[in-house]
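I have placed the structure first, in the form of structure tokens, so that the comments after it can refer back to it.
The values are calculated or read from the model by the stated rules, or taken from the named source; none is laboratory data. For clarity, every value in this text was computed on a predicted model and none was experimentally measured. All Cβ positions, even for glycine, are placed from backbone atoms using ideal geometry, and neighbour counts span all protein chains on display. When the accessible area is computed, the model is the full protein with side chains, heavy atoms only, and any ligands, DNA or RNA have been set aside. Shrake-Rupley method; radii C 1.70, N 1.55, O 1.52, S 1.80 Å.
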Amino acid sequence: MKRIGAATLVIILYSAIVFYFGWTVVTWLEVFFPINHWLFGIVWALIAYGFIIGRINHSLRLFSIAGSYWMIIMEYGVLLFPIATLITWIFPSQLKTVGYVVFLLFAWILIKGTYNAYTPIVRELSIKMPKQNSNLTELKVVVASDFHLGLLSNKKHLKRFVKKANEEIPDLILLVGDLVDDDPIWFVKNGMSEVMKQLTSTYGVYGVLGNHEYYGKKIPLLVEEMEASKVCMLLDETILLADSFYLTGREDLTNKERKQLADLAPDQRNLPWFVMDHTPSNLLIPEKEGVDFHVSGHTHRGQMWPNHLFTRKLFELDYGYKQKGSLHAIVSSGFGFWGPPIRLGSQSELWSVHIKFEDVKV
């Protein structure tokens, strides 16, 4: 009963916000021309609940897209609309001007955010780590996460990644979870596998699951599609590559039955150890277990300003690079996006990491 009560309260609160936003928009638009309130209300509600409607059936994908863009209104409407309402109450004659300002701000958010989302950049990093008994002296690793491949983070966007990743001439490519947006249906239908398999690297392409793969509940299909795309999925597994370094892929934190990192540690600790873990929940554990290189995603760096203020509080490292003792950790903001194709305060990215292995003098 408590859950039902809480859900009801959330729906009422959300509906009230939707009504308020709609009322402010209608009030401004009626300055220019008459509005049919019933027609506007129906369209407004369909957009506001589009994300939910779109989940009923894949054929309703236009509602999913509309619902994704609605998140921009929810994100910034809670900041802009109350301010606009207060100003127009104090200065009623300025309704038209205030409306124009809010409209232009949303237009700027849409343009700037779309550019940041669909114009990925390469973050370059050089690090040094003990060679131990590795046969390698250096390694170029491409790291990317949070593609959310689907309707808006689409095949064209995936092509951008393949092009930029291959240009780095990597020895290893690591795809750190949330490869698809819940359901891999659009990855399959739009033939994204043919694009993904064009990735080239010396020692292969490896991936792990993120929380959204669990939400989609089609992990076997996802793994099958990734294997067909020449992406080796590591599900709580540790493998030896080139007789020179170990690579571990962890199940996401969403899986409460995932193995402990200690259980995945190599039997022989004479080589560098790399770990992929989608959620950067606790860097103290890989540091304690002797991991050399740890890569994550998940946070999106908040994706839209000012959400990074929250991710910064939730995670020790919510974005970027950090060294803790002998551990080198990277958290990527992601190559794709969740919800709207908008990034403010972050930009779609991949990391190109040049690792130099050095002999340690005793």
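In the structure shown, do any of Lys131/Lys164; Lys163/Lys230; Lys159/Lys189 have a Cα-Cα gap over 19 Å, and if so which? Don't skip to the end; give the middle numbers.
Values: Lys131/Lys164 28 Å; Lys163/Lys230 16 Å; Lys159/Lys189 16 Å.
Listed pairs above 19 Å: Lys131/Lys164.
Rounded, prolate or oblate: which one fits the range 159-273, using the alpha carbon gyration tensor with axes a ≥ b ≥ c (rounded when a/c is under 1.5, else prolate when a/b beats b/c, else oblate)?
Details: a/c = 2.52, a/b = 1.17, b/c = 2.14.
The shape class here is oblate.
The C-alpha atoms of the chain define a longest principal axis, and helix 155-167 lies at about 30 degrees to it. Considering only Asn307, Asn36, Asn255, the Gaussian network model of the chain with Cα springs below 10 Å gives its largest mean-square fluctuation to Asn36. With the simple model of a label 7 Å out from the Cα in the direction of the Cβ, Lys156 to Ile219 spans 3.4 nm. Give me the angle, in degrees from 0 to 90, between the Cα long axis of helix 61-90 and the longest principal axis of the Cα atoms of the chain, rounded to the nearest 10. Roughly 60 degrees between the two axes. Taking the protein heavy atoms of the chain in the context of the full set of protein chains, the accessible area attributed to carbon and sulfur is 62 percent at 1.4 Å. Karplus-based coupling profile of the range 95-107, in residue order and whole Hz: 4, 4, 5, 4, x, 4, 4, 5, 4, 5, 5, 5, 5, with θ = phi - 60° in 6.51 cos²θ - 1.76 cosθ + 1.60 and x standing for Gly or Pro.
Taking the DSSP beta bridges with both ends in the range 274-362, the antiparallel portion is around 40 percent.
Only Lys, Arg, Asp and Glu carry charge here, each on its Cβ (+1 for the first two, -1 for the last two); on that basis the chain has a dipole of about 880 debye about its Cα centre. Counting only DSSP beta bridges whose two residues both lie in the chain, roughly 30 percent are antiparallel.
Prolate is the label for the range 255-336, because a/c, from the alpha-carbon gyration tensor with a ≥ b ≥ c as root eigenvalues, is 1.5 or above and a/b exceeds b/c.
Given R0 = 22 Å, the distance between the Cβ atoms of Leu13 and Trp305 translates into a calculated FRET efficiency of 0.40.
Ranking His328, Thr311, Leu271 by Cα position along the charge dipole of the range 245-362, where only Lys, Arg, Asp and Glu carry charges on their C-beta atoms, puts Thr311 farthest toward the positive end.
Rounded to the nearest 10 degrees, the inclination of helix 2-29 to the longest alpha-carbon principal axis of the chain is 60 degrees. Shape descriptor for the range 1-64: Rg over Rh equals 1.09 (Cα atoms; Rh from the Kirkwood inverse mean 1/r).
For the range 214-330, what is the accessible area per residue in Å², given a 1.4 Å probe and the full set of protein chains?
Values: 5570 Å² over 117 residues.
Ligands and nucleic acids excluded, the result is 48 Å² per residue.
Relative to one another, the C-alpha centroids of the range 222-298 and the range 24-52 are positioned 49 Å apart. Note on the chain: GNM, Cα springs under 10 Å; of Gly191, Gly150, Gly297, the largest mean-square fluctuation is that of Gly191. Given R0 = 25 Å, the distance between the Cβ atoms of Lys112 and Met71 translates into a calculated FRET efficiency of 0.95.
By the Kirkwood approach, averaging reciprocal distances over each pair of separate Cα atoms, the range 1-119 gets a hydrodynamic radius of 16.0 Å.
Using only alpha carbon pairs under 8 Å that are at least six residues apart, calculate the relative contact order of the range 222-288 and give it in whole percent.
Details: 76 pairs, mean separation 19.1, N = 67.
RCO, the range 222-288: 28 percent.
Only Cα pairs under 8 Å and at least 6 apart count here; give the relative contact order of the chain as a rounded whole percent.
Details: 703 pairs, mean separation 77.0, N = 362.
RCO, the chain: 21 percent.
Amide H to amide H distances under 5 Å link Val180 with His148, Leu149, where only residues 5 or more positions off or on other chains count and H is placed in the peptide plane. Projected label points at Lys322 and Phe103, each 7 Å from Cα along the beta carbon direction, are separated by 4.5 nanometres.
Which of Glu167, Glu194, Glu75 moves the most in a Gaussian network model of the chain with Cα springs under 10 Å? Its mean-square fluctuation being the largest, the pick is Glu167.
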